[in-house]
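One structure is given below, encoded as structure tokens.
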Amino acid sequence: MEKQKLIGPFKQLIPMTELNLKGPISDEQLTIVKDAGIIIQNGKINNIGNFNTLKAEATNIEIQELKGNHTCLPGLIDAHTHICFGGSRANDYAMRNAGRSYLEIANAGGGIWDTVIQTRKLNQEELIKRTAKLAKRHLKNGVTTIEVKSGYGLSVDEELKMLRAIKAANENVSADLIATCLAAHMLPKDFEGDQAAYLKEISEELFPILKAEKLTNRIDAFIEESAFSAAQIAPYFEKATAMGFDITVHADQFSTSGSQVAIAINAISADHLEASTTKEINALAQSNVIATALPGASIGLGCAFTPARRILDAGGALAIASDHNPGSAPMGDLLTQATILATFEKLTNAEVLAGITFRAAAALNLKDRGQLTKGFNADFIGFHTDNYQEILYNQGNFKPCMVWKNGELVFDKHQ
Ligand code: NIG
Ligand code: FE
């Protein structure tokens with residue numbers, strides 16, 4: 001048994017416990033532990049309480065005493081990113097803002113396929129380095145768990161290269177990287193055959209290797225006119241489900257149908273949902289599927305936001321993720337994006353924090369994080385303030401000064 005460690009005091013600690021997974025949350029429902037201390041052991045939370053009381057009671061304990069005012073939140077969870085990629089799509093961005101259409105940009109050599117070409121040019125080592133660099137940036141911003149998708153390889157070998165790179169990057173950074181296979185991102189331009197043939201090849205040849213090498217337990221697909229239809233994806237998801245994979249879906253980004261597929265297959269999450277109408281919102285709210293809003297894609301593309309308020313009011317579970325990718329969401333700042341979504345969609349502080357902590361954990365089917373409570377991972381972050389409201393009030397321009405992962409201080413701005 002490792003020696004226990006007491007960390008604090010935190011003027012305010014928001015454990016994000018005793019809150020519903022689904023539906024609206026008012027700020028009054030948030031528990032605020034004042035002058036709090038956290039006792040950790042073996043990377044897990046052992047106890048939370050008044051710092052001075054815990055200190056007085058403790059024997060044979062290491063104490064990390066903080067100076068000044070700090071507020072503590074659970075480590076943030078970004079449940080949807082594409083941070084494993086080569087190249088840049090700065091030219092797409094410039095063209096989009098100059099008024100060019102998606103088709104024009106794709107015809108000019110931009111779009112997802114451009115990133116596929118750039119990603120294929122990198123060897124695994126280069127891809128590991130780039131992924132780790134972006135993951136470290138997220139970690140400094142308080143994100144202790146980061147989902148990372150493949151989907152810029154688009155062949156059995158190139159998808160394997162990506163997923164092996166994500167696995168290796170996970171070893172190199174303190175944040176946990178949760179890999180997802182997005183081989184169904186689009187039909188690769190160099191594949192000789194149709195969508196059905198491509199998906200068949202991926203499911204028959206790639207899925208067993210993902211299991212054998214433990215590269216991922218999650219399968220994603222982009223359901224959209226430019227990618228795959230609901231009918232094309234159904235057998236692919238059925239095969240994945242039969243093999244025990246969790247399913248997540250890029251759904252209702254520009255047109256609806258993806259969220260219905262997600263509900264029918266009992267997916268863990270349906271992400272994007274910018275185009276969802278009342279019908280999709282209600283169906284999602286009645287299901288167990290987590291609705292993940294991606295404000296970074298709305299900001300990157302200049303499109304409408306996911307109807308987050310309506311999803312919550314209908315009784316849905318709302319996570320918020322960055323979608324950090326080189327094309328539609330180049331910013332990659334979860335806290336900034338979540339707080340901007342809140343101003344446009346009228347989300348409470350509690351709903352935003354839920355969306356990037358325990359509801360995001362649910363979107364990844366992770367049951368050991370997202371809340372500060374006994375037995376959970378000791379993943380938490382400190383901000384220089386005595387009032388948690390300051391965090392979102394500063395609209396992302398106020399970052400954590402300290403980040404702990406599994407009880408270890410992995411970032412300290414004071415040093
Ligand atoms: O989540 N929508 C599809 N996939 C990504 C975009 C990827 C890209 O443009 O490179 C997304 O927005
Ligand atoms: Fe995405």
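Annotations for the structure displayed:
- If you go through segment 329-351 and keep only what is within 15 Å of ligand 1 (Cβ to nearest atom), part of a helix (DSSP H, G or I) and not hydrophobic (A, V, I, L, M, F, W, C), you end up with just Gln337.
- Scan segment 169-196 for residues that are in contact with a Cys (Cβ under 8 Å, 6 or more places away or on another chain) and among the aromatic types (Phe, Trp, Tyr) and the total you get is 0.
- Qualifying residue in segment 203-214 (condition: part of a helix (DSSP H, G or I) and of a type in the set (Ser, Thr, Tyr)): yes
- Among the residues of segment 287-328, those identified as of a type in the set (A, V, I, L, M, F, W, C), surrounded by fewer than 24 Cβ atoms within 10 Å (Cβ to Cβ) and assigned to a loop (DSSP other than H, G, I, E, B) are Cys303, Ala304, Phe305, Ala314.
- Single residue of Thr357, Thr248 found to be more than 16 Å from ligand 2 (Cβ to nearest atom), crowded, with 20+ Cβ neighbours inside 10 Å and of a type in the set (S, T, N, Q): Thr357
- Top-ranked residue in segment 217-232 [being aliphatic (A, V, I, L, M) and away from ligand 1 (no atom under 14 Å from the Cβ); ranked as surrounded by the fewest Cβ atoms within 10 Å (Cβ to Cβ)]: Ala231
- Cβ pairs under 8 Å, 6+ apart, first in segment 185-203 and farther than 20 Å from Thr115 by Cα, second at pLDDT 95 or above and acidic (Asp, Glu): Gly193/Glu201
- Scanning segment 241-259 for residues that are outside any helix (DSSP H, G or I) and not polar (S, T, N, Q) returns Met243, Gly244, Phe245, Asp246, Ile247, Val249, His250, Ala251, Asp252, Phe254.
- Only helices (runs of 4 or more DSSP H) whose full extent lies in segment 90-187 are considered here, and the ones with at least 3 residues that are within 24 Å of Gln337 (Cα to Cα) and either touching a strand residue (DSSP E or B) at 6+ places or on another chain (Cβ under 7 Å) or more than 16 Å from ligand 2 (Cβ to nearest atom) (or both) are 90-97, 124-140.
- Looking only at segment 267-282, and only at residues there that are surrounded by fewer than 19 Cβ atoms within 10 Å (Cβ to Cβ) and either closer than 22 Å to Ile219 by Cα or among the polar types (S, T, N, Q) (or both), the one that is nearest to ligand 2 (Cβ to nearest atom): Thr277
- Residue check, Glu238 over 18 Å from Lys200 (Cα atoms) and either of a type in the set (D, E, K, R) or assigned to a loop (DSSP other than H, G, I, E, B) (or both): no
- Output for segment 260-286, where each listed residue is part of a loop (DSSP other than H, G, I, E, B) and either out of contact with any helix residue (DSSP H, G or I) (no Cβ under 7 Å at 6 or more places or on another chain) or within 14 Å of ligand 1 (Cβ to nearest atom) (or both): Asn266, Ala267, Leu273, Glu274, Ala275, Thr277
- The number of residues in segment 67-116 being in contact (Cβ under 8 Å) with a residue 12 or more places away in the chain, surrounded by 15 or more Cβ atoms within 10 Å (Cβ to Cβ) and either aliphatic (A, V, I, L, M) or away from ligand 1 (no atom under 12 Å from the Cβ) (or both) comes to 16.
- Leading residue by the ranking (farthest from Ala132 (Cα to Cα)) among those in segment 162-187 that are surrounded by fewer than 24 Cβ atoms within 10 Å (Cβ to Cβ) and not hydrophobic (A, V, I, L, M, F, W, C): Arg164
- A single member of Glu104, Glu2, Glu65, Glu18 is modelled with pLDDT under 95 and in contact with a helix residue (DSSP H, G or I) (Cβ under 9 Å, 6 or more places away or on another chain), and it is Glu104.
- Residue identified as surrounded by fewer than 24 Cβ atoms within 10 Å (Cβ to Cβ), assigned to a loop (DSSP other than H, G, I, E, B) and either of a type outside the set (Lys, Arg) or more than 16 Å from ligand 2 (Cβ to nearest atom) (or both) among Gly370, Gly375: Gly375
The values are calculated or read from the model by the stated rules, or taken from the named source; none is laboratory data. Treat the numbers as computed from the prediction; the structure is a model and nothing was measured. So basically every Cβ, Gly included, is an ideal-geometry build from the backbone, and we count neighbours across all protein chains shown.
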